[in-house]
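The values are calculated or read from the model by the stated rules, or taken from the named source; none is laboratory data. Note that the structure is predicted; figures quoted are calculated from it, not measured. Cβ coordinates were reconstructed from backbone atoms using ideal geometry, including for glycine residues, and neighbour counts include every protein chain displayed. The accessibility values were calculated without ligands, DNA or RNA, using every heavy atom of the protein model including side chains. Shrake-Rupley method; radii C 1.70, N 1.55, O 1.52, S 1.80 Å.
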Amino acid sequence: MQLTLRQAAPYFSVDEATLRGWIKRRGLPVHKVNEQLYLNPVELWQWAMENGVVVSRRLLDDARQAAEDVPPLSDLLAAGGMHTDVG
């Protein structure tokens with residue numbers, strides 16, 4: 001599960017501009033894909049705990065529910081792509 005800034009902001013009760021500021025000034029972990037910024041819920045939770053930022057417990061609850069939507073590794077490998085150091 002990856003979140004956009006718009007999706008992540010309510011978990012912190014802040015707006016997107018605040019998240020952008022945290023990315024620049026406080027090292028909020030972000031991933032850029034095709035010019036779009038995405039946030040990983042587990043990384044967000046860890047960052048919030050380390051930085052004393054209040055975050056809704058719902059963030060982890062929602063991430064756990066969404067984990068069921070991830071296809072099995074065998075399906076992902078069958079789809080192709082680059083694979084290195086796979087046991």
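If you take the residues in region 28-87 that are assigned to a loop (DSSP other than H, G, I, E, B), within 16 Å of the chain's Cα centre (by Cα) and at pLDDT below 90, which one is surrounded by the most Cβ atoms within 10 Å (Cβ to Cβ)?
Residue satisfying both the conditions and the ranking: VAL70.
If a residue has to be open to solvent by less than 70 Å² (accessible area, probe 1.4 Å) and assigned to a helix (DSSP H, G or I) to count, how many in region 18-27 make the cut?
5
Check region 17-26 and report whether any residue there is in contact (Cβ under 8 Å) with a residue 24 or more places away in the chain and touching a strand residue (DSSP E or B) at 6+ places or on another chain (Cβ under 9 Å).
no
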